[in-house]
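Report on the structure given below.
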Amino acid sequence: MEALLNEWLWQEEFWLPPGIRWRDIEMKEDEGRFPLPRDLIYTLPLAFAFIALRYVFERLVALPLSRILGVKDRIRVRAPSIPKLEAFYKQNSRQPSQSEVVSLGKQCGLSQRKIHTWFRHRRNQDRPSNTKKFCEASWRFVFYVVAFTAGLGSLINTPWFWDHRECWRGYPKQPVSEAHYWYYVLEMSFYLSLLLCVSVDVKRKDFKEQVIHHIATLFLIGFSYCGNYVRVGTLVMLVHDSSDFLLESAKMFHYAVWTRTCDSLFIVFALVFLVTRLVVFPGRVVHTTLVVSLEFFQPFLGYYFFNALLLVLQALHVFWAYLILRMVYKFVFLGKVERDERSDEESNVDEEEEEEEPEDEGDECSWEQRKGAINSKLASLANNCVLNNLTNQRNISSRLPKAR
């Protein structure tokens, strides 16, 4: 069974241009390393190593750094312990419908207002704190900075960095250097670690797009290595890393409420992102894989599959560019970046509700306190009106003798 699977999976028509056989691209030891699928077996243990390293980094580096920069967590009202509501929250839904609210109110002996308030406070308890989001952004920032610096250092002296036709000269018999091999392995391990941690990371509005991006990236890195598209693959990774660390740094200062620094970094990130993802990536990288490569070989199945993955990434770039342009519009016309368009789910609605009713727990004590405050304000207003009337009467009576 395994032999049949290998025979079907590694058919030459899938992986190699027409007229080329596996034996034609065999290399001797002195000719260099040829990429083999078994080389990627190290990515799985390295992904778990990245997860462990991230855990240590966030607690020993990112957490103290958040305190130094002044990151503050919002104090939220905790929902009281009600077993029936807690069971419904975990097993059924975090946002019950109106009929479910009525049913839960009858079961618990609570009003609908108290049920809505309980679920709002319970959802806010599960929302990630600013410190957690800062730690996550700082971890990604460190990796992207290191990856971009190392990738640029390993590629700047290569011929295909300046002339993209060199990506295909001699294809598919192209040796892979040790630096580019580890560049591939570490990038793939990092994205695999992100995919494994996607259930515990901060969930944002583009959660589904992020999952699609991670899966497409893993397929793209793995397939490009096995098909020896390494030269183009290194350019793709470098283009992506060039703007990612700017975004993560802007997030860090956003959570620390360094508004001017955050806005400046965001503008730089937006410019770099729009240029690299909407101009350089489609105009140079995708163009060389779709058009320039056909000068060196005829299209085959691997050619179509590789370009399809690149086009999926480009579609995601367009989607994120739309979100970024919305934020740029807010920055230009409102004067600041008010909110991350990819902010975590439910943050907008629940924060507004908390601001309107910060102390609303449904109990009579808080209602009496607000009632007393309102009465005192009304009494003060009435006293001011009486004093104003008396003052006006006195002024009128003092003017009457002069008029006579």
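With respect to the conditions (1) outside any helix (DSSP H, G or I); (2) open to solvent by 50 Å² or more (accessible area, probe 1.4 Å); (3) under 18 Å from Tyr184 (Cβ atoms); (4) not hydrophobic (A, V, I, L, M, F, W, C), Thr149 falls short on a single one, namely (1). Checking each residue in the range 91-121 for being in contact (Cβ under 8 Å) with a residue 24 or more places away in the chain, assigned to a loop (DSSP other than H, G, I, E, B) and open to solvent by less than 80 Å² (accessible area, probe 1.4 Å) picks out Leu110, Ser111.
Counting the residues of the range 51-90 that are in a loop (DSSP other than H, G, I, E, B), among the aliphatic types (A, V, I, L, M) and open to solvent by 60 Å² or more (accessible area, probe 1.4 Å) gives 1.
With respect to being open to solvent by 10 Å² or more (accessible area, probe 1.4 Å), of a type in the set (Gly, Ala, Ser) and in a helix (DSSP H, G or I), Ser242 fits the description. Restricting the range 293-322 to residues that are under 21 Å from Pro18 (Cα atoms), part of a helix (DSSP H, G or I) and not aliphatic (A, V, I, L, M) leaves a set whose member that is most open to solvent (accessible area, probe 1.4 Å) is Tyr304. Residues that are open to solvent by less than 70 Å² (accessible area, probe 1.4 Å) and over 22 Å from Tyr229 (Cα atoms) within the range 269-292 comprise Phe269, Ala270, Val272, Phe273, Leu274, listed in sequence order.
The values are calculated or read from the model by the stated rules, or taken from the named source; none is laboratory data. These figures come from a predicted structure and were not determined experimentally. Glycine also receives a Cβ, built like all others from the backbone with ideal geometry; neighbour counts cover every protein chain displayed. What goes into the accessible areas is simple: the full protein's heavy atoms, side chains included, and nothing from ligands, DNA or RNA. Shrake-Rupley method; radii C 1.70, N 1.55, O 1.52, S 1.80 Å.
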